[in-house]
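Each value in this text was obtained by applying a stated rule to the coordinates, not by laboratory testing. None of these values were measured; they are calculated from a predicted model. Note that we place each Cβ from the backbone using ideal geometry, even for glycine, and neighbour counts take in every protein chain shown.
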């Protein structure tokens, strides 16, 4: 229903909308950063001196390894395309 509600908004209304989430550029990036931090992935990458955009991207893409081609796989792939890895790296290197 939220998509339908946005349909009636003007371009100015949409430009004024706050699209950030908890200080992150979007929900998907916040969610990915939260999981990567809480499950120890970012610490592991730091320990191996491999905290790079490529390494973070590999870790996120590995989520697809056990998901067969399906609706779920498409949803996860779509979610991955919304994650801004550079922002995760920036926050992880500030810590």
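Could you tell me, in Å, what Rg and Dmax come out for the Cα atoms of the stretch 20-94?
12.4, 37
Just want the ordering: 65, 43, from fewest to most Cβ atoms lying within 10 Å of their own Cβ. Walk me through the intermediate numbers first.
Numbers: 65 6, 43 14.
In order of increasing Cβ crowding within 10 Å: 65, 43.
Fewest first, what order do 91, 81 take by the number of other Cβ atoms within 10 Å?
Lowest count first: 81, 91.
So how do 37, 47 line up by other beta-carbon neighbours within 10 Å, fewest first?
Sorted ascending by nearby Cβ count, the order is 47, 37.
Order of 73-80, 53-60 by packing, highest average Cβ count within 10 Å first? The partial results should precede the final answer.
Numbers: 73-80: 13.4, 53-60: 15.9.
Sorting 73-80, 53-60 by mean packing, highest first, produces 53-60, 73-80.
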